[in-house]
Amino acid sequence: MTADRNPRRLADALQAIPGVSTVVERNGALWVDAPLLEVEAMAAAMAELGIRLGTVTAIPHAEDAESTVIYHYIDEHRVINVKTCTRNGALASLAPTVRAASWAEREIRDLFAVEFPGHPNPVPLIRPEGIDTATLRAAMCRPAEVARKPASPLASPLAAKPARS
């Protein structure tokens, strides 16, 4: 089956996925908010619609051990972003049925300490040996510090003005 060309029918199909609360169009893409998403049901629905997974991204929450996870799906005509939140620091893995999810889930695990129970190969992908995921998550949640470069003496209002010839 290929993705439905009728935007209303597609939105209805997305709304029927367990855990989905809203489906809205923004900037030419569909955004699905699904705080209690059943990820396996989402993967099955997308496969039935003929829509493929492009990638998965995550954003850690500084105030707790949870993360926002966004599944980015692509068909010929649109991008569909399905946004959910981890529960107790975990979401079920899509990797057993959706190969494109494997590396993204491993990367998210390395960077944000999100667990993906059921992942067939949960070994670190980018995390150096001996570094705990909590260390990287803490660094990702910390506000960036910007180092100020020393100001040039030429930029100072007290700097002598060059003589004109």
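Remarks
- Test: residue in the range 12-20 that is loosely packed, with under 15 Cβ neighbours inside 10 Å and touching a residue at least 40 places away in the same chain (Cβ under 8 Å): no
- Of the strands (runs of 3 or more DSSP E) lying entirely inside the range 19-88, the ones with 2 or more residues being touching a Gly at 6+ places or on another chain (Cβ under 7 Å) and at negative phi are found at 67-74.
- Residues that are of a type outside the set (S, T, N, Q) and either touching a Pro at 6+ places or on another chain (Cβ under 8 Å) or open to solvent by 40 Å² or more (accessible area, probe 1.4 Å) (or both), drawn from the range 92-101: 92, 95, 96, 99, 100
- Taken over the range 14-57, the residue count meeting the criterion of being farther than 25 Å from residue 105 by Cα and of a type outside the set (Lys, Arg) is 4.
- Close contacts from the range 25-42, counting a first residue that is basic (Lys, Arg) and surrounded by fewer than 17 Cβ atoms within 10 Å (Cβ to Cβ) and a second that is modelled with pLDDT under 95 and assigned to a loop (DSSP other than H, G, I, E, B), with Cβ to Cβ under 7 Å and a gap of 6+ residues or different chains, come to none at all.
- The residue pairs whose first member lies in the range 74-89 and is open to solvent by less than 60 Å² (accessible area, probe 1.4 Å), whose second member is among the hydroxyl-bearing types (Ser, Thr, Tyr), and whose beta carbons are closer than 6 Å, counting only pairs six or more residues apart or on different chains, are 80/73; 82/71; 85/68; 86/67.
- Pick from the range 102-144, criterion part of a loop (DSSP other than H, G, I, E, B) and β-branched (Val, Ile, Thr), ranking: surrounded by the most Cβ atoms within 10 Å (Cβ to Cβ): 114
The values are calculated or read from the model by the stated rules, or taken from the named source; none is laboratory data. For clarity, every value in this text was computed on a predicted model and none was experimentally measured. Neighbour counts are summed over all protein chains in view; Cβ atoms, including those assigned to glycine, are modelled from backbone coordinates with ideal geometry. Quick note on the areas: whole protein, heavy atoms, side chains included, nothing else; ligands and nucleic acids left out. Shrake-Rupley method; radii C 1.70, N 1.55, O 1.52, S 1.80 Å.
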